[in-house]
Amino acid sequence: MTDPVRRRLLQGLGAGLLAGSLPARLWAAPAAAPRLLLVFLRGAYDATSVLVPYRSDDYYRLRPNIAIATPDTDNPAAALQLDDQWGLHPALQDSLYPLWQAGELAFVPFAGTDDTSRSHFETQDRIEAGLPDTASLASRSGFLGRLSRVLQTTPGIAFTAALPAVFAGGDRIPNLALRDAATAPFDPRQSALLADLYRGHPLEDRVRAGLEMRQDVARMLAGDMQAASRGAASSAAFEQQARRMATLMRDQYRLGFVDVGGWDTHVNQGGAQGQLANLLGNLGRGLAAFRDELGAPAWRDTVVVVVSEFGRTFRENGNRGTDHGHGTVYWVMGGSVRGGRIAGRQIALSEATLFQNRDYPVLNEYRSVLGGVLKPHYRLNDRQLAAVFPGASPLDLKLL
């Protein structure tokens, strides 16, 4: 077989699929076996724009440019009312809001780790390991890897270009990369056309210099976001590939992981429209497509959990964006999820209740939250759960 033919064959099979893991595709799980998809939003998404604390006066005072308007059925840019305290970003109206109304989606605010480094990499590593804060991460396994060993005959898959740390230590876990359809945020051709408009004009040199600086800044910000995303697919790629993921998890796999990048919104985050709204729109449509492609019988046995390494600042910054924070909001959805509610410990949000005068506090520790989902979903006993999250006590939020 020639090299070009071999390459085409491998591409047809999915170039990201690990050859050494191909036997995992032959595993056959019972049709009604529980499924779990963990969605990691790398870059720390702004949870305060997704789950909007519209009763907080300080929310509107501290976010004069990016706050989402209070619920108003006559205003398409307003938050969608969930209860008497919280609203949902309007970009999710047609995708995830119906799941909330059907009782298949719940939110857990004030969730996260005890890590206060505000480092993307350190906190991502901490979450994927799922170990106590005192444990060394030098030679760790990941909590989904440990779960796959506990479950033994439950086939897992990572929809990533390389096997993620969360599956480290697992047994025969393949990975299959999603194609990334993201485009550069700045188009050099458009910049050249704009510069030509000023050819011969007294401002020509200043315009060209400004455009060059704009491109340099764009490349710098894109590099920072790409680093925070650790090679994760964009939200656009997630939307496009969600149905493919659903087909694989419906027919072959029962334990999945995917990461979605692009959430490090330091600059021009936007409110009801803009950068973050576009990301959320893609993500919401992808999750809705995943549910639809699974079909109702498989969806009843499926739980999707959406997490991020931390939240973002309650205040907007000087660039109409938000900076690295602490507590965030987890999403839990599925056909058997007891949704339509905000779960977990909560406090009234105001400037006075912020962590270190800037962030959501963490009131629902991530290992306890995830353990409280995994235990009833997979019917784990205490010994099995301890193997997945050593030293953690599951927080029973009655989500399942």
Only one of (1) of a type in the set (Gly, Ala, Ser); (2) at pLDDT below 95; (3) surrounded by fewer than 22 Cβ atoms within 10 Å (Cβ to Cβ) fails for GLY43. Which number is that? (3)
For region 254-303, give me each residue that is free of Cβ contacts under 8 Å to residues at least 40 places away in the same chain and among the β-branched types (Val, Ile, Thr). none
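So, in region 369-400, how many residues would count as being of a type in the set (Ser, Thr, Tyr) and over 17 Å from GLY156 (Cα atoms)?
Step one: filter region 369-400 for residues of a type in the set (Ser, Thr, Tyr), giving 378, 393.
Filter once more, keeping what is over 17 Å from GLY156 (Cα atoms): 393.
Count: 1.
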Could you figure out which of (1) buried (at least 16 other Cβ atoms within 10 Å of the Cβ); (2) in a loop (DSSP other than H, G, I, E, B); (3) touching a Gly at 6+ places or on another chain (Cβ under 7 Å) isn't true of ASP396? (1)
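Can you tell me which residues in region 380-392 are assigned to a loop (DSSP other than H, G, I, E, B) and exposed (fewer than 14 other Cβ atoms within 10 Å of the Cβ)? So that I can check it myself, show each step before the final result.
The first filter runs over region 380-392 and keeps only residues assigned to a loop (DSSP other than H, G, I, E, B), leaving 380-381, 389-392.
Once the filter is applied, which keeps residues that are assigned to a loop (DSSP other than H, G, I, E, B) and exposed (fewer than 14 other Cβ atoms within 10 Å of the Cβ), region 380-392 yields ASN381, GLY391.
Can you find a residue that is part of a loop (DSSP other than H, G, I, E, B), at positive phi and either surrounded by fewer than 17 Cβ atoms within 10 Å (Cβ to Cβ) or not assigned by TED's automatic domain parsing to the domain that holds LEU131 (or both) anywhere in region 313-329? Step through it out loud before you land on a result.
Within region 313-329, the first condition is being part of a loop (DSSP other than H, G, I, E, B), and the residues that meet it are 313-323, 325-327.
Now narrow it down to the ones that are at positive phi: 320.
Those left that are additionally either surrounded by fewer than 17 Cβ atoms within 10 Å (Cβ to Cβ) or not assigned by TED's automatic domain parsing to the domain that holds LEU131 (or both): none.
The answer is no, given that none of the residues of region 313-329 is part of a loop (DSSP other than H, G, I, E, B), at positive phi and either surrounded by fewer than 17 Cβ atoms within 10 Å (Cβ to Cβ) or not assigned by TED's automatic domain parsing to the domain that holds LEU131 (or both).
Tell me yes or no: at least one residue of region 321-338 is polar (S, T, N, Q), in contact (Cβ under 8 Å) with a residue 24 or more places away in the chain and touching a Gly at 6+ places or on another chain (Cβ under 8 Å).
To start, the set of residues in region 321-338 that are polar (S, T, N, Q) comprises 322, 328, 336.
Checking which are in contact (Cβ under 8 Å) with a residue 24 or more places away in the chain leaves us with 322, 328, 336.
Those still in the list that are touching a Gly at 6+ places or on another chain (Cβ under 8 Å) too: 328.
The answer is yes; a qualifying residue exists.
Which of the following residues is at pLDDT below 95 and in the same structural domain as TRP263 (by TED's automatic domain parsing): ARG118, ARG146? Don't jump to the end; show me each part of the working.
On the way: ARG146 fails: at pLDDT below 95.
After applying the criteria, what remains is ARG118.
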Entirely in region 39-118, the helices (runs of 4 or more DSSP H) that have 3 or more residues that are closer than 21 Å to ARG345 by Cβ: 47-50
For region 118-147: of the residues being out of contact with any strand residue (DSSP E or B) (no Cβ under 9 Å at 6 or more places or on another chain) and of a type in the set (Ser, Thr, Tyr), which is surrounded by the most Cβ atoms within 10 Å (Cβ to Cβ)? SER141
So for region 75-91 (the condition being free of Cβ contacts under 8 Å to residues at least 12 places away in the same chain and over 24 Å from THR353 (Cα atoms)), does at least one residue qualify? yes
In region 280-305, anything surrounded by fewer than 23 Cβ atoms within 10 Å (Cβ to Cβ) and under 11 Å from the mean Cα position of the chain (by Cα) is listed as VAL305
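The values are calculated or read from the model by the stated rules, or taken from the named source; none is laboratory data. Because the structure is a prediction, the values reported are computed rather than measured. We place every Cβ from the backbone using ideal geometry, glycine too, and count neighbours over all the protein chains shown.
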